[in-house]
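Quick note: the coordinates plus some simple rules give every number you see, no bench work behind them. Quick caveat: nothing in here was measured; it's all calculated off a predicted structure. Heads up, the Cβs are rebuilt from the backbone with ideal geometry, glycines too, and the neighbour counts pull from every protein chain shown.
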Amino acid sequence: MKPCRLSWVLVTAFALSAPLWAVETSFWQIGSFGEFLQGKLSSVSLSQDGNLRLAPASQVVFSPEEALALSLARGPEGNLYVGTGHQGKVFRMDTHHRSKLFFTAQEPDIFALAVGPDGAVYVGSSPEGKVYRVAPDGNSKVFYDPNTKYIWAMTFDGEGRLYVATGDKGQIFRVDPSGKGGLFYDSKQNHVMCLTLDRDGNLLAGTVPNGLIYRISPQGRAFVIYQASLPEIHALATDSQGHIYAAALGSALGKGSPELLFPPTPSGLVPAGVTTVTVTASEEATKQAPKGQNPPAEAATTPSFNRPAPSAMAMPGFQIPQGRGQIVEIRPDSTTDTLWSSNTESIFGLALRDGHVLFSTDSDGRIFDLVPNPEGDKLTLLTETHESLATRLLMAGSDLYVATSNIAKLFRVETALTHEGTYESPVKDAKFISHWGMLVWRGDAPAETSLEFYTRSGNSERPDNTWSDWAGPYRSANSTAIQSPPARYIQWKAVFHSSGGETPVLDEVTVSYLNQNLAPEIRSLSVSTSGERTGPTGGGTPSALTPGATISVSAGSSVGFGLPTPTTTKPGKTPVTLNWVTDDPNGDTLTYSLYIKAADEQTWHLLKDHLQQASYTIEPNTLPDGKYVARLVASDAESNPPELARRSELLSAPFWIDNTPPEVTVAKQTLHGESAEVHFLAEDSTSPLRSAETSLDGKTWRDILSDDGIVDSRRETFTVKIPRLDPGEHIILLRAYDTAGNAGVGKAVLYVSGEDKAKP
């Protein structure tokens, strides 16, 4: 078979079928580093330019019954030594991956291991630790006691002298082959976390909390060659050309006393500050930052092994860090570059291989491969161990060994590629029940390689046993109809196969889908009058609208009633306005139809259809007096084919149409000399009265209360008293308003004679 370049043509049944409706075909595409990073990689590598391919073959070669693998060293015969916590155990694994317990210290944690020129293993224990010398046959003794709390790192120089990096006083001790030693350098920092030698035999040391890297001559003369913007230099490595690579990290905890790895917590207790969160990687969070730009410095004195844990499986007494990370290159001419930075991942393991910088992080135990290049560094997520934290890296020939924690394991990563790997995409939330279209992809499939795809769907946010089984395989790159059932969520996976030394490459995957058309939502339907209220008002019932009042019905059947701020302007005849608030989950264009019926009717009568605005005004004189209810129908038919169109409806609160004014009559009138008293009766057949006013001879009008003090019923009496009238004819007027704004006027005619006025 010839190697073939597989391309994709974005063709779906939906796109070919018919007119472009509002419920359009959607496309879910994954093709960038950040997008692929949100999925799960199993024996698959991810390059910075967004390509998935088979990863180097890896396997777990050692898994003791311990919580943490904290240190790693290699002996001259190829044996590997693993220091663990919290039982103070050191294990030895031979070249055939056979392992056994090699040494147990009295202290719980082994952060530092070094193999001496004599073949013995030197073990640095913590806390209140010592340096033990363990011979190849297992015999051990205390080699040196630095009288300090923590031993973080150890290394030998060319003369067989052992350097011991400690905390919490930030001191470095030097011990000769006989076990005699003393203070070599006091950094005045809290902790010296890592040590290595440069090509000239100088000691390099990284510290906490100021992120300093020291170059210290054999005579103990120190010079700071770099200060990171993050508080901790956790690992150092050098190459034969004199380049120095540093792993810097830090969290947002701020300053504080170190609380490093502590003894296991009693059963049932949870260490303070340990939390459980889910971290979703983003492209911005993990991509390489521009060279020379570092994240802002974070003040901290707490070393990295005591940060709030993001893992729900964190062992008691162990806190996995969650902070920032950087890889920094320091060249022989003292210029520096930040090769990689992240705001969510911290770097712990660091190793070099043939110009490649390998480093491990605290996110799924990831292993990255970085190739520095002036024209653009090349970054690859080499593999994921799927452990909480990859603590140490060690090169053994061409193989890379990775120590992890939670639970302690040792992985071997080869240079040869594995023959099968799987990538599981993140779960896609389509927001609504959806029909799935085509899965299309693009990539390379050389001879003796292949790619297969599978999909599954469900209606729970996380895949579980309620999801459909994996459907597939889909092998065609151009387009394959997805066989998974309609649902809200979907996930795909790609299986990479190779029977030779080549690997298939996946560049991009696109899934098309069509949301189910959902019915429009009518959130509220309100009935209001646009007039203004008059004078003094009393209580009333929502079914008789005050001019300017609103009755609102929500979709949940709740009814609200609101009144406007009182004014002194007298109402006129007021129309009834219907207002509504709607929404469409699919974003469709909605049209409305409005129906009405009286309380004594059975049939709905269409007022207006094909409305596009969200209101409609009913002029009162178009309907007879009475109690009415309106029905609003919202439809998305303009945005969907007829067979998919949906509609919703909602009834308004009852309201009144009142075109008839109150009837005002004179019940009684009396005249006593020049004073008069007139009793009016005002009645309305439909609506309660709302206000009244009176005038003498048609001049100034003034508000008047009913005899019971509140104008609020359909029948009210009013008494108008005039204390002094001039001789002649007078007209006393009473004008009454109902809640619909109708006004009725009544009058009393009085005559005052001159004789009446002349009387004392």
**OP:** Would you mind getting me the FRET efficiency between THR665 and ASP507? Use the beta-carbon distance for r and R0 = 60 Å, nearest 0.05.
**Re:** 0.10
**OP:** Work out, step by step, the length gained on full extension between ASN139 and LYS180: first 0.36 nm times the residue separation, then minus their alpha carbon distance; give nm to one decimal.
**Re:** 12.8 nm
Original post:
Around SER45, which amide H atoms from residues at least 5 apart in sequence, or from another chain, sit under 5 Å from its own amide H, with H modelled in the peptide plane?
Top reply: ARG53, LEU54, ALA55
Original post:
Between ARG523 and residues 5 or more places away or on another chain, which pairs have amide H atoms under 5 Å apart, with H built 1.01 Å from N, and which residues are they?
Top reply: VAL581, THR582, ASP583
Original post:
Using the count of nearby Cβ atoms within 10 Å as a rough guide to exposure, how do HIS605, HIS730, HIS672 rank from fewest to most?
Top reply: HIS672, HIS605, HIS730
Subject >> Karplus 3J(HN,Hα) series, Hz, for the range 645-661 with 6.51 cos²θ - 1.76 cosθ + 1.60 (x for Gly, Pro) >> reply: 5, 10, 9, 9, 9, 8, 8, 7, 5, x, 9, 10, 9, 9, 9, 9, x
**OP:** Please list 594-603, 160-169, 351-360, 713-722 highest first by mean number of surrounding beta-carbon atoms within 10 Å per residue.
**Re:** 160-169, 351-360, 713-722, 594-603
Original post:
Dipole of the range 45-148, Cα-centred, from +1 at each Lys and Arg C-beta and -1 at each Asp and Glu C-beta, to the nearest 20 debye?
Top reply: 200 debye
Subject >> Share of alpha-carbon pairs per 10 Å distance bin for the range 637-760, given as whole % >> reply: 13, 33, 21, 11, 7, 6, 5, 3, 1, 0
**OP:** With a point put 7 Å past each Cα toward its Cβ, work out how far ALA416 is from THR577 in nm, to one decimal.
**Re:** 8.1 nm
Subject >> Other-chain or far-sequence residues with amide H under 5 Å of GLN516's (modelled H) >> reply: ILE433, SER434, HIS435
Original post:
What size of dipole, in debye to the nearest 20, comes out for the range 178-243 about its Cα centre when the only charges are +1 on Lys and Arg C-beta atoms and -1 on Asp and Glu C-beta atoms?
Top reply: 200 debye
Subject >> 3J(HN,Hα) from dihedral phi, the range 684-700, Karplus parametrisation 6.51/-1.76/1.60, rounded to Hz, x for glycine, proline >> reply: 10, 7, 10, 10, x, 6, 10, 6, 8, 8, 10, 8, 9, 6, x, 8, 4
**OP:** Kindly state, to the nearest 0.05, the FRET efficiency for SER63 paired with GLN516, given R0 = 60 Å and r defined as their beta-carbon distance.
**Re:** 0.80
Original post:
Got the relative contact order for the range 663-758 handy, in percent, Cα pairs under 8 Å and 6 or more residues apart?
Top reply: 34 percent
**OP:** With a point put 7 Å past each Cα toward its Cβ, work out how far ALA447 is from THR238 in nm, to one decimal.
**Re:** 4.8 nm
**OP:** Output the pairs from LYS149/LYS188; LYS100/LYS409; LYS378/LYS428; LYS149/LYS180; LYS130/LYS409; LYS141/LYS180 with a Cα-Cα distance over 21 Å in this structure; if there are none, say none.
**Re:** LYS378/LYS428; LYS130/LYS409
